[in-house]
Amino acid sequence: MCFGPSKQEKEAAVTQREEADVQKREVVEDRAKQKVDDIEEAVEAKTKRRGMRGGAGRRSLFRAGGGGFLGRFG
């Protein structure tokens, strides 16, 4: 006759689930930290490449070659 798992077996199963949850959480946290580091590294690299130029597509209204603000209204 089978009466199901004993109290000790249930406790062992609960303990195993808790340990598995802790390990899974650690893996997820490590992966999240790695992603944050990768994103920060990419942003820093982009900033270094750009320097103080202002980026693609940004032109000064005052220093644009004849077509800027001063060229039209100055």
Taking the condition at pLDDT below 60, more than 19 Å from the chain's Cα centre (by Cα) and surrounded by fewer than 10 Cβ atoms within 10 Å (Cβ to Cβ), does G66 pass? yes
In segment 44-54, is there at least one residue being surrounded by 10 or more Cβ atoms within 10 Å (Cβ to Cβ) and either assigned to a loop (DSSP other than H, G, I, E, B) or at pLDDT 90 or above (or both)? yes
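The values are calculated or read from the model by the stated rules, or taken from the named source; none is laboratory data. Worth saying up front: this structure is predicted, and the values here are computed from it rather than measured. Every residue, glycine among them, receives a Cβ derived from its backbone with ideal geometry; neighbour counts consider all protein chains shown.
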